[in-house]
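Reviewing the structure listed below.
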Amino acid sequence: MAREIYDRSWLAYLLLLPTLVVSAIFLYYPAAQAVNLSLYETLQFGTQRVWTGLGNYSYLLTSSDYHSSIVVTIAFSLIVIVGVMAISLVVSYLIYEVSVGQSSYLIAAIWPYALPPAVAGIVFFYIIHPSLGVLTQPIQAIFGVNIDWFTRGGQAFVVVTVAVIWKQIGYNVIFMIAALNNVPDALGEVADLDGVGRFQRLVRIYMPLISPTLIFLVVMNTIYAFFHTFAFIDILTQGGPGGATNIMIYDLYRNAFEFNNHGLASAQSVILFLVVGVLMYAQLRLSDKYAHYG
Amino acid sequence: MSTDTPSTIERVTESLERPTTDRTQLLVHIGLGVSVFLMAFPILIALLVSTQEQGVINSVGDLAPGSHMVDNYQTVMTDYNFGVYLLNSFIMSIIIVVGKLAISLLAALAIVYYRFPFKNLMFMLILFTLMLPVPVRFVPLFNIVTDLGWYNSMLALTIPYLASATTVFLLRQHFLSIPESIVEQAKLDGIGPLKFLVYVLIPMSKGMLAGVSVIMFIYAWNQYLWPLVIIDSQAQQVTQVGITLLQGDIQAGELQWSIVMAGAIITLIPPLLALIAFRKPLLETFGVQQK
């Protein structure tokens, strides 16, 4: 390759050294340690360790609390991924279709990307607070429900899910607009002349054409739902009520820092890693099969 | 902008042929207006509440702008430590952004412009770190950082974040798009790698670097879980965790919502300003070309 204009290998390794050293110490080593630590049982508030082999894993696989945490995580992730992508797709398509004020709408739609999750959590906590929230009474009046998500698991799940979806729309819109803008104008116009409806055009023409971006976003949204929603859970519900919002990452955190059960928490890290790894692999394989690359 | 003309003409003729187009465009605008409003609504409420007198906003309904905005923001900055939290967040984010850029530039330089053994393996090793977010290495990372004596320090908040697979990957892609003729010229001139980086690559990557910096700044600023566990002293804490400390005070009945919302708005402003100010390079980095 004509680009490789330098070939003193020791210098190349020297340039890579900072990145490799930080990765080794703070990424690879602790990840390997997590596997190791998962084979120990932690006693006496974390001061003692006893070898337990796969004990932590067999405990988790038979624990009904952990099972319910897995179910909650899967339901939560699925709803978040589908919800975020459906809403973002409609918003992106509307922005793409509009001829006046496109860039203003774009900025107005992507700003939640910059919104800190902790702030989003606090604001949601306030606006839907069972007794103080400004949205509580209107929602109660319109939908005829009695809002008390501090004690009702189903409602807590809905509140967390809505907040988490809301926060992630901006990020998705950025990529979807990018992809839509890369579709040749002529395609949409031909369909328009053929009298294909707006919604049909989105589903039958644009969605297949931007499918590589959609698959990428499915992967990113999966990681988001599994890992980056911690702040919402911590602020809004702390996993409750009755474990209704106790997703795997929050359960892991509690075992590690509330109960000082480091061995068990590490086993949960390893399981989380495997689950996300398998999911990402499956999604990427699926994309090879179904995505249309231009 | 020149590409705008044909599609505008197209749309004009379209609207002449089909009178419904105007109406549907109006519907699109209404749809967009509603969605944009819904997305902004929670923060608008927060903004309103942050202007109210303490104690009055517990009654629902009167959400007119209040007159205590300055008061509330001053109170939260001075009495509730937000000045310190903000400063800590700034220092943390700047160190992470600059550090990531610096070491990623060196790594990308090596990966694109050097011939050396195990190159692909090195690149893969860097990319694989994407699979190792904080939760996967949570407990041992906490132990390592504590063993290093970094508990409660800026080092703990920044150093573990300096390696960045995303940045290396984006820079690599960008370097590969720089015309080979420029690279050839540098080779003929016998220019050394560091000079090549400083005088050729960095000036040619300004927009890209600005875009990556915004992504990294927002990412660093929004960190929550790690500061929550590794920082225990209020003097060292960042604003993300600071805001939840306020929430704790409220549940203990010691605080009013107007103060908390002032804190929330303050925490939101820096990443929002970064997004708005650098939206062009950011959108370019994400690959968006404005129509």
> Quick one: how many residues across the stretch A:1-28 are closer than 18 Å to B:Leu125 by Cβ, of a type outside the set (A, V, I, L, M) and touching a helix residue (DSSP H, G or I) at 6+ places or on another chain (Cβ under 7 Å)?
Replying inline: 4
>> Please count how many residues of the stretch B:250-291 are closer than 25 Å to A:Phe175 by Cβ, more than 7 Å from every other protein chain (Cβ to nearest Cβ) and open to solvent by less than 10 Å² (accessible area, probe 1.4 Å).
In response: 1
> Taking the stretch A:253-264, which residues are closer than 14 Å to A:Leu43 by Cβ and among the hydrophobic types (A, V, I, L, M, F, W, C)?
Replying inline: A:Phe259, A:Leu264
>> For A:Thr42, only one of the following conditions fails: (1) over 28 Å from the mean Cα position of the chain (by Cα); (2) more than 30 Å from A:Leu236 (Cβ to Cβ). What is its number?
In response: (2)
> Which fully enclosed helices (runs of 4 or more DSSP H) of the stretch A:93-208 have 1 or more residues being more than 7 Å from chain B (Cβ to nearest Cβ), at pLDDT below 85 and over 23 Å from B:Val34 (Cβ atoms)?
Replying inline: A:185-193
>> Looking at B:Gln185, B:Gln240, can you tell me which residue is part of a helix (DSSP H, G or I) and free of Cβ contacts under 8 Å to residues at least 12 places away in the same chain?
In response: B:Gln185
>> Being under 27 Å from A:Met280 (Cβ atoms), more than 7 Å from chain A (Cβ to nearest Cβ) and β-branched (Val, Ile, Thr) is the requirement here; does B:Val112 meet it?
In response: no
>> Criterion first (open to solvent by less than 30 Å² (accessible area, probe 1.4 Å), at the interface with chain A (Cβ under 7 Å from one of its Cβ atoms) and modelled with pLDDT of 85 or more) does B:Gln247 satisfy it?
In response: no
>> Here is a list: B:Pro117, B:Pro140. Which entry is crowded, with 18+ Cβ neighbours inside 10 Å, without any contact (Cβ under 8 Å) to a residue 60 or more places away in the chain and within 12 Å of another protein chain (Cβ to nearest Cβ)?
In response: B:Pro140
>> Are there helices (runs of 4 or more DSSP H) fully within the stretch B:74-176 with at least 2 residues that are in contact with a helix residue (DSSP H, G or I) (Cβ under 6 Å, 6 or more places away or on another chain) and under 30 Å from B:Thr51 (Cβ atoms)? List them.
In response: B:82-113
>> Considering only residues that are at pLDDT 85 or above and within 14 Å of B:Ala262 (Cα to Cα), which ones fall in the stretch B:39-58?
In response: B:Pro42, B:Ile43, B:Leu44, B:Ile45, B:Ala46, B:Leu47, B:Leu48, B:Val49, B:Ser50, B:Thr51
>> With the requirement that a residue be acidic (Asp, Glu) and modelled with pLDDT under 85, what does the stretch B:59-83 give you?
In response: B:Asp62
> If you check B:Arg172, B:Arg115, B:Arg137, which single one turns out to be among the basic types (Lys, Arg) and closer than 30 Å to B:Ala235 by Cβ?
Replying inline: B:Arg137
> How many of the residues making up the stretch A:67-119 are surrounded by fewer than 17 Cβ atoms within 10 Å (Cβ to Cβ) and in contact with a Pro (Cβ under 6 Å, 6 or more places away or on another chain)?
Replying inline: 0
> Are any of the residues in the stretch A:33-46 facing chain B (nearest Cβ under 7 Å), touching a Gly at 6+ places or on another chain (Cβ under 9 Å) and surrounded by 13 or more Cβ atoms within 10 Å (Cβ to Cβ)?
Replying inline: yes
>> Please go through the stretch B:223-235 and give me each residue that is crowded, with 19+ Cβ neighbours inside 10 Å and not in a loop (DSSP other than H, G, I, E, B), ordered by number.
In response: B:Leu225, B:Trp226, B:Pro227, B:Leu228, B:Val229, B:Ile230
> Only one of these conditions is not met by A:Asn56: (1) in contact with a Leu (Cβ under 6 Å, 6 or more places away or on another chain); (2) closer than 22 Å to A:Thr222 by Cα. Which number is it?
Replying inline: (2)
> Do we have B:Leu228 as assigned by the TED database to the domain that holds B:Pro140 and under 17 Å from the mean Cα position of the chain (by Cα) here?
Replying inline: no
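The values are calculated or read from the model by the stated rules, or taken from the named source; none is laboratory data. Predicted model only: the values in this text are computed from it and were never measured. Heads up, the Cβs are rebuilt from the backbone with ideal geometry, glycines too, and the neighbour counts pull from every protein chain shown. Ligands, DNA and RNA are stripped out before the accessible areas are found, and what is left, the full protein with its side chains, is counted by its heavy atoms. Shrake-Rupley method; radii C 1.70, N 1.55, O 1.52, S 1.80 Å.
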